[in-house]
Amino acid sequence: MKGALFDLDGVIADTAVYHFRAWRKLVKDHFDRELPDKLEEKTKGVSRADSLKVILDYLGVTVPQEQFDALAAEKNEAYRALLAGLTSADILPGIPELIAQMKRHDVRLSLASASMNGPFILEKLGLSDTFDAIADPSKVAAGKPAPDIFLEAASEIGFDPGDCVGLEDSVAGITAINAAGAFSVGVGSPSELGHAKLLVPDTSALQYDAIETAFERR
Ligand code: B16
Ligand code: MG
């Protein structure tokens, strides 16, 4: 296990809730409609524009490109406002210990987030210097569930994806890790993430030794 390819929202920090809160506000303000909880999974790990497409599709609304771009920008402003108070205290349980163990074992860390806000969030969490690389989602051709962002994240630290683990909380993300040929570690429930090679219920259950053992047995 030479590298670890980390998803951000929902794995390193619980920012997934802020994403959906910002979408809900946007939809309430512009369309006076509510979004059901079940839509959240469909926007997890999915780019901002693709998330907006999922939401407009649910609403049965089509908008011209200019309004589409304005809606996406407004959602991002609302999201960034929700992130304003983010600190290292918002790093999810078990993640600091896991990262420390990985560092101790010379595992290189690379961020494989779909979020354009990745560098900003790592900075707020005090983790910028902890990561060896951040894959730029604007540079990859296709978003999750395509493997591209994980291939890029592995390449940024100079390793074959087969020598890396990928950590994810989304259906699209686990599919992307498997397609990239890395070893998928899911954080969530078997009903959604049954395709993960190793699954834990939440980040506090992420143990370096268990991941290493499962990786060696793959
Ligand atoms: P942004 P991840 C993803 O991050 C989120 O899960 C997804 O809900 C969001 O739409 C996407 O980032 C884009 O984020 O609007 O900040 O560029 O889970 O891949 O770390
Ligand atoms: Mg995520």
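The values are calculated or read from the model by the stated rules, or taken from the named source; none is laboratory data. Here the structure is a predicted model, which is why all the values come from computation and not from measurement. Ideal geometry is used to build each Cβ from the backbone, glycine not excepted, and the neighbour counts take in all protein chains shown. With ligands, DNA and RNA removed, areas are computed over all heavy atoms of the protein, side chains included. Shrake-Rupley method; radii C 1.70, N 1.55, O 1.52, S 1.80 Å.
The single residue among GLY94, GLY126, GLY118, GLY143 that is without any contact (Cβ under 8 Å) to a residue 60 or more places away in the chain and open to solvent by less than 70 Å² (accessible area, probe 1.4 Å) turns out to be GLY126. For SER189, state whether it is of a type outside the set (Asp, Glu), modelled with pLDDT of 95 or more, closer than 24 Å to VAL17 by Cβ and in contact with a His (Cβ under 8 Å, 6 or more places away or on another chain). No, not satisfied. For ILE211, the criteria (1) within 16 Å of ligand 1 (Cβ to nearest atom); (2) aliphatic (A, V, I, L, M); (3) open to solvent by less than 40 Å² (accessible area, probe 1.4 Å) hold in every case but one, which is (1).
Taking the residues in the range 10-20 that are near ligand 1 (Cβ under 8 Å from one of its atoms) and closer than 11 Å to GLU40 by Cβ as candidates, determine which candidate is modelled with the lowest pLDDT. The residue in question is ALA16. Total residues in the range 21-46 satisfying the condition of being modelled with pLDDT under 95, under 17 Å from SER115 (Cβ atoms) and more than 12 Å from ligand 2 (Cβ to nearest atom): the figure is 1. Every test in (1) open to solvent by less than 10 Å² (accessible area, probe 1.4 Å); (2) within 16 Å of ligand 2 (Cβ to nearest atom); (3) in the same structural domain as GLU156 (by TED's automatic domain parsing) is passed by VAL107 save one, and that test is (2). Here ARG80 does not fit the description of being of a type outside the set (Phe, Trp, Tyr), more than 13 Å from the chain's Cα centre (by Cα), assigned by TED's automatic domain parsing to the domain that holds ASP163 and open to solvent by 10 Å² or more (accessible area, probe 1.4 Å). When ARG33, ARG24 are checked against the criterion of being surrounded by 16 or more Cβ atoms within 10 Å (Cβ to Cβ) and more than 23 Å from ALA141 (Cα to Cα), ARG24 stands alone in meeting it. Once the range 122-151 is narrowed to residues that are among the charged types (D, E, K, R) and closer than 27 Å to ARG217 by Cβ, the residue that is modelled with the lowest pLDDT is LYS144. Restricted to the range 146-176, and to residues there that are open to solvent by less than 20 Å² (accessible area, probe 1.4 Å) and of a type in the set (Val, Ile, Thr), the residue that is nearest to ligand 1 (Cβ to nearest atom) is ILE149.
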